[in-house]
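J.: Starting off with a structure, shown below.
The values are calculated or read from the model by the stated rules, or taken from the named source; none is laboratory data. Keep in mind that this is a model prediction, so the values were computed, not measured. Note: ideal-geometry Cβ built from the backbone for every residue, glycine included; neighbour counts use all protein chains shown. In case anyone asks, the SASA skips ligands and DNA or RNA and just uses the protein heavy atoms, side chains included. Shrake-Rupley method; radii C 1.70, N 1.55, O 1.52, S 1.80 Å.
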Amino acid sequence: MSEEIFHALTRQYPNARLTATDQRLPEADFEAQKHKHFSRRARGGAIGIIHNASGQIVLAKRSGMHAGWSLPGGTVEEGEDFSVAFRREISEEIGVSVDRVDLIELERKKFISPKGETFGFLLAVFEARIAERQLPGPTDDALAEGLEIDLFYPADIPPEMILGDRQKLVHHLKISGALDPSL
């Protein structure tokens with residue numbers, strides 16, 4: 001993970017919450033994540049909390065590596081800006097355009113294998129809006145990646161989400177007033 005990229009993002013988005021997480025993965029997931037990251041020369045990841053006009057949140061249910069409900073988004077390719085990557089991933093996976101995009105969290109993630117091998121990963125968490133009240137049908141990319149995209153009211157978000165995404169989402173919903181802070 002490039003310190004230069006981290007510092008550039010913190011200067012560009014000074015109000016973003018800064019976090020760090022150690023993420024233990026099963027060996028197969030660790031190796032797949034490592035291969036994906038290094039073979040693409042990825043700069044990191046860009047995911048988001050996307051609100052629609054009805055107050056619902058867009059979530060993606062992933063199959064394969066890291067299976068389960070997640071915040072939508074994906075890999076930031078070499079030379080790509082994090083917000084551009086986020087917009088691209090949402091268009092590819094969901095088939096909608098986002099607006100009012102703001103970086104709300106920047107996470108330094110360290111993936112750890114069962115053998116103790118590690119590598120760093122920079123994850124940008126954006127907040128955005130879509131005008132649509134209903135989602136379009138699945139995109140070709142969503143079908144190819146085995147994604148299921150759905151809308152959830154804040155009180156109905158799935159109890160099980162992958163890679164700490166539920167904690168990120170609940171934290172944001174509490175500070176924004178969409179969820180009772182005592183929950």
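J.: Hand me the tally of lysine pairs in the chain: alpha carbons under 27 angstrom apart, and the pair either on different chains or 8 or more positions apart.
T.: Pairs that pass both the separation and distance tests number 18.
J.: Another question, then. What is the packing order of peptides 56-63, 123-130, 140-147, taking the mean over residues of other C-beta atoms within 10 Å and listing the highest first?
T.: Top of the packing list down: 123-130, 56-63, 140-147.
J.: What is the magnitude of the charge dipole of the range 47-98 about its Cα centre, with +1 placed on the Cβ of each Lys and Arg, -1 on the Cβ of each Asp and Glu, and no other charges, expressed in debye to the nearest 20?
T.: 320 debye
J.: I would also like to ask the following. What's the center-to-center distance, using Cα atoms, between the range 158-183 and the range 87-133 in Å?
T.: About 15 Å separates the Cα centre of the range 158-183 from the one of the range 87-133.
J.: Sticking with this structure for a sec: Want the number for residue 112 to residue 17: 0.36 nm per residue separation, take away the alpha-carbon distance, what's left?
T.: 31.9 nm
J.: Just the number, please: carbon plus sulfur as a percent of the accessible area of the range 88-183, 1.4 Å probe, no ligands or DNA/RNA counted.
T.: Carbon-and-sulfur percentage of accessible area, whole number: 49.
J.: Over the range 1-122, calculate the relative contact order: mean separation of alpha carbon pairs under 8 Å at least 6 apart, over the residue count, as a percent.
T.: It rounds to 36 percent for the range 1-122.
J.: If you don't mind, there's one more thing I want to ask. Given charges of +1 on the Cβ of Lys and Arg and -1 on the Cβ of Asp and Glu, with all other atoms neutral, how large is the dipole of the chain about its Cα centre, in debye to the nearest 20?
T.: It comes to approximately 440 debye.
J.: Can you give me the accessible area per residue for the range 1-158, using a 1.4 Å probe, in Å²?
T.: Value for the range 1-158: 49 Å² per residue.
J.: Another question about this same structure. With θ set to phi - 60° and the Karplus curve 6.51 cos²θ - 1.76 cosθ + 1.60, what are the ³J(HN,Hα) couplings of the range 153-160 in order, to the nearest whole Hz, using x for Gly and Pro?
T.: Per residue, the Karplus-derived 3J(HN,Hα) values read 6, x, 6, 10, 5, x, x, 10 Hz.
J.: Determine the sum of side-chain charges near residue 81: Lys and Arg each +1, Asp and Glu each -1, restricted to other residues whose C-beta is under 11 angstrom from that of residue 81. Write down the numbers at each step before the final one.
T.: On the way: positive: 43, 87, 88; negative: 77, 80.
Neighbourhood net charge equals +1.
J.: While we're on this one: According to the Kirkwood expression over distinct Cα-Cα pairs, how big is the hydrodynamic radius of the chain, in Å? Display every interim value, and only then the final one.
T.: Values: mean 1/r = 0.0598 Å⁻¹.
This gives a value of 16.7 Å.
J.: With only Lys, Arg, Asp and Glu charged, each at its Cβ (+1 for the first two, -1 for the last two), find how big the charge dipole of the range 1-92 is about the Cα centre; round to the nearest 20 debye. Before the final figure, lay out each step's value.
T.: Details: 12 positive and 12 negative charges, 44 e Å.
My answer is approximately 220 debye.
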